[in-house]
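The values are calculated or read from the model by the stated rules, or taken from the named source; none is laboratory data. From a predicted model like this one, the values you see are computed outputs, not experimental measurements. Methodologically, a virtual Cβ is constructed for each residue, glycine included, from the backbone with ideal geometry; neighbour enumeration extends over all protein chains shown. Surface accessibility is based on the protein's heavy atoms, side chains included, excluding ligands, DNA and RNA. Shrake-Rupley method; radii C 1.70, N 1.55, O 1.52, S 1.80 Å.
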Amino acid sequence: MKKIILFLFTIIFCACSSVKPPESSFTSYDILYSREQDGATFQFYEIITEESEFQMLLKDPIISPYLNKSDIQTCNFILVNLGEKSSGGWTIKVEKVKIVKDKVEVIIKEIPPKGIATTVMTTPNFVLRIKSKKPIEIITPSN
C-alpha cells in the first residue's frame with residue numbers, strides 16, 4: 001500500500017510543473033512562457049507591439065529573464081489566455097507561423113488534456129515571441 005501511495009504522489013508531483021522554460025527555436029517564434037494558473041477567466045489573445053505594452057512583460061519576474069529590452073525593436077509578442085478550464089493539462093500548439101508579404105499569420109490550436117488530468121479549475125496562459133515586426137493575424141482552427 002505504501003508503494004502505491006508513493007507512486008501516485010510521485011506522478012502527481014512530477015506532473016504539476018508550475019512554469020515551463022521557454023521553448024527556443026530556430027523558427028520564426030518562441031514560446032517564452034506556459035502556465036496553468038494566473039491567466040484570465042475568459043479567452044483572449046493580445047498582440048504586444050508597442051514599447052509601453054512590452055513594459056508589462058519586462059516587469060514580470062517569470063517572463064523577464066527570457067527577454068532583452070531591445071526585443072520589442074525586432075519582435076512582436078502574443079499573450080494567449082485560454083480562459084477558465086475545468087481541468088489541468090490544457091495547452092496550445094503553434095501549428096504554423098507564416099511570414100507573408102504584409103503580415104504574419106499565426107495558427108494557434110487549443111489542445112485538450114490527454115488521458116487523466118487533474119480536476120481543478122485552471123486558467124492556462126502563454127506568451128509567444130514572434131520574430132517579426134509585421135502585423136499579426138491570429139488564426140484559430142476549429143478542433
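Per-structure values
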item: All positions within segment 96-122 that are closer than 19 Å to Ala40 by Cβ, outside any strand (DSSP E or B) and under 18 Å from the mean Cα position of the chain (by Cα); result: Pro112, Met121
item: Qualifying residue in segment 62-69 (condition: over 13 Å from the mean Cα position of the chain (by Cα), surrounded by fewer than 19 Cβ atoms within 10 Å (Cβ to Cβ) and small (Gly, Ala, Ser)); result: yes
item: Some residue of segment 110-130 being in contact (Cβ under 8 Å) with a residue 60 or more places away in the chain and charged (D, E, K, R); result: yes
item: Meets criteria (modelled with pLDDT under 90 and either within 15 Å of the chain's Cα centre (by Cα) or part of a strand (DSSP E or B) (or both)) for Lys93; result: yes
item: Pairs with Cβ under 8 Å, 6+ apart, first in segment 60-81 and of a type in the set (Gly, Ala, Ser), second assigned to a helix (DSSP H, G or I) and modelled with pLDDT of 90 or more; result: Ser64/Leu57; Ser64/Leu58
item: Selection status of Ser25, among the hydroxyl-bearing types (Ser, Thr, Tyr), over 17 Å from Thr118 (Cα atoms) and at pLDDT below 65; result: yes
item: Residue among Phe77, Phe54, Phe44 that alone is open to solvent by less than 60 Å² (accessible area, probe 1.4 Å), of a type in the set (Phe, Trp, Tyr) and out of contact with any helix residue (DSSP H, G or I) (no Cβ under 9 Å at 6 or more places or on another chain); result: Phe44
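A quick yes/no check of all residues on (1) modelled with pLDDT under 90; (2) among the aliphatic types (A, V, I, L, M); (3) more than 26 Å from Lys134 (Cα to Cα); (4) more than 13 Å from the chain's Cα centre (by Cα):
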| site | (1), (2), (3), (4) |
| --- | --- |
| Leu32 | no, yes, no, no |
| Arg35 | yes, no, yes, no |
| Phe44 | no, no, no, no |
| Thr49 | no, no, no, yes |
